[in-house]
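Here is the structure we will look at, set down as C-alpha cells.
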Amino acid sequence: MNYLQGEIFKIDKPLGWTSFDAVKRLRSAMLRRMGIKRMKVGHAGTLDPLATGVMIVVTGRNTKLIDSLQAGVKEYVATIALGATTPSFDLETEIDAHYPTDHITRQLVEDTLTRFKGAIDQIPPAFSACKIDGRRAYKMARKGEEVELKPKRLVIDEIELIDFQPTSITVRVVCSKGTYIRALARDIGQALGSGGHLTALRRTRVGNVSIDDCLTIDQAVDLIKTAPLEMPDDSVNN
C-alpha cells in the first residue's frame, strides 16, 4: 500500500456515520501506520448519516479522481413510508402532517413510478448541503429560516417497485449524480396523494463498484494496519 501515491477504498458506510466520520477513521489509521501528521484523503459522493452502503474513499494523488468517480451512475434501495411527511423528507425530523392511504394499490404505485423514469426536474431538500449565497441550506433550515432552492435536471435510468405495503413501499433506483432520494420520496408521496418520507436508504452501487466489493470500516482499518506498506517517495507531495 502506498497511501501518498494513491489508494482507493470501497467502503460499506454504516448507519449513523457521516461520510466525514468514515474518512476521518480511515485517515487516522493511515497516519498512525505511516507515522506522519497529514495526508490527502477524500470521498466520492456523500451519504447522509441515515443512509448506508457504497462509499468510495481515495487517498493521495487519487483524490484527483473524485470528480470522475462520483460522476458514475448510482443505485439505491429505498424504503418510503406513505401517509406522512417530515420537513427533512426522512427520519431526521418529526412527522409534520398525515394523509390518507386507503386509495393506494400496488398498481397505482407502479403506474406512478413510471412517471419518474427518464429526465426529471427535482427540487433539492431544504435539509441538504446545497448552498444559497454561500450558506449551506441545511444550516438555514435547522434555524427555521426560509430555504428556496431551484429545480435541478437529473436522470432516473431505472425505478422498480420491489416491495409493496399500503403504508410503505421499497424501490430500487438507478440514477445520475446529484439525485436526492429523499426528494424523490417526497415527490412520489405527492404523486400518490398520500405524502411520503424516506425511512431507510442503502446505496448498492456507484459506477462499477458494487456493495459486494465493499469492506466494513473495521475491515478497512484492519487492512491498513496489516497490509505491506510502501514507504513514500520523497517526490510525492503530501
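FYI, it's all coordinate maths here, none of it is from the lab. Fair warning: this is a prediction, and the values are worked out from it, not measured in the lab. Here Cβ is always computed from backbone atoms with ideal geometry, including for glycine, and neighbour counts include all displayed protein chains.
Of everything in the range 33-51 that's aliphatic (A, V, I, L, M) and surrounded by 20 or more Cβ atoms within 10 Å (Cβ to Cβ), which residue is nearest to Y3 (Cα to Cα)? Reasoning before the result, please.
We begin by selecting, within the range 33-51, every residue aliphatic (A, V, I, L, M); these are 34, 36, 39, 41, 44, 47, 50-51.
From what is left, the residues that are surrounded by 20 or more Cβ atoms within 10 Å (Cβ to Cβ) are 41, 44, 47, 51.
Numbers: V41: 9, A44: 16, L47: 23, A51: 27 Å.
So, considering only residues that are aliphatic (A, V, I, L, M) and surrounded by 20 or more Cβ atoms within 10 Å (Cβ to Cβ), the one nearest to Y3 (Cα to Cα) is V41.
Only one residue in A185, A191, A200 is in contact with a His (Cβ under 8 Å, 6 or more places away or on another chain), under 30 Å from D102 (Cβ atoms) and aliphatic (A, V, I, L, M), so which one is that? Lay out the reasoning, then the answer.
Details: A191 fails: in contact with a His (Cβ under 8 Å, 6 or more places away or on another chain); A200 fails: in contact with a His (Cβ under 8 Å, 6 or more places away or on another chain).
So the residue among A185, A191, A200 that is in contact with a His (Cβ under 8 Å, 6 or more places away or on another chain), under 30 Å from D102 (Cβ atoms) and aliphatic (A, V, I, L, M) is A185.
Just checking, which of V147, V155, V174 is surrounded by 13 or more Cβ atoms within 10 Å (Cβ to Cβ), assigned to a loop (DSSP other than H, G, I, E, B) and aliphatic (A, V, I, L, M)?
On the way: V155 fails: assigned to a loop (DSSP other than H, G, I, E, B); V174 fails: assigned to a loop (DSSP other than H, G, I, E, B).
Result: V147 is the single residue among V147, V155, V174 that is surrounded by 13 or more Cβ atoms within 10 Å (Cβ to Cβ), assigned to a loop (DSSP other than H, G, I, E, B) and aliphatic (A, V, I, L, M).
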List every residue pair whose Cβ atoms sit under 9 Å apart, with the two residues 6 or more apart in sequence or on different chains, where the first one lies in the range 139-158 and is touching a residue at least 24 places away in the same chain (Cβ under 8 Å) and the second, anywhere, is in a helix (DSSP H, G or I) and crowded, with 16+ Cβ neighbours inside 10 Å.
-> L149/A137; I156/F116; I156/L184
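Please state which one of D102, D111 is surrounded by fewer than 19 Cβ atoms within 10 Å (Cβ to Cβ), more than 22 Å from G16 (Cα to Cα), in contact (Cβ under 8 Å) with a residue 24 or more places away in the chain and among the charged types (D, E, K, R).
Working: D111 fails: in contact (Cβ under 8 Å) with a residue 24 or more places away in the chain.
Result: D102 is the single residue among D102, D111 that is surrounded by fewer than 19 Cβ atoms within 10 Å (Cβ to Cβ), more than 22 Å from G16 (Cα to Cα), in contact (Cβ under 8 Å) with a residue 24 or more places away in the chain and among the charged types (D, E, K, R).
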Examine the range 52-65 for a residue that is surrounded by fewer than 20 Cβ atoms within 10 Å (Cβ to Cβ) and among the small types (G, A, S), and state whether such a residue exists.
-> no
Give the residues of the range 89-140 that are polar (S, T, N, Q) and closer than 18 Å to D187 by Cβ, sorted by residue number.
-> T93, T101, T112, T114, Q122, S128
Pairs returned, first residue in the range 29-52 that is more than 30 Å from I80 (Cβ to Cβ), second residue that is aromatic (F, W, Y), beta-carbon separation under 6 angstrom, 6 or more apart or interchain, are M30/Y3
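Can you give me the ranges of the strands (runs of 3 or more DSSP E) entirely in the range 1-85 with at least 2 residues that are of a type in the set (K, R)? Don't jump to the end; show me each part of the working.
Numbers: elements: 8-13, 41-44, 51-59, 74-82.
Per the criteria, 8-13.
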All conditions in (1) surrounded by fewer than 21 Cβ atoms within 10 Å (Cβ to Cβ); (2) farther than 24 Å from R203 by Cα are true of M30 except (1)
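Being in a strand (DSSP E or B) and of a type in the set (S, T, N, Q) is the filter; apply it to the range 181-214 and report the residue that is nearest to L15 (Cα to Cα). Steps first, answer last, please.
Applying the first criterion (in a strand (DSSP E or B)) to the range 181-214 yields 196-206, 209-210.
Adding the requirement that they be of a type in the set (S, T, N, Q) leaves 199, 204, 210.
Numbers: T199: 12, T204: 14, S210: 18 Å.
Checking each candidate, the answer is T199.
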For the range 89-131, how many residues are closer than 19 Å to I169 by Cβ and assigned to a strand (DSSP E or B)?
-> 4
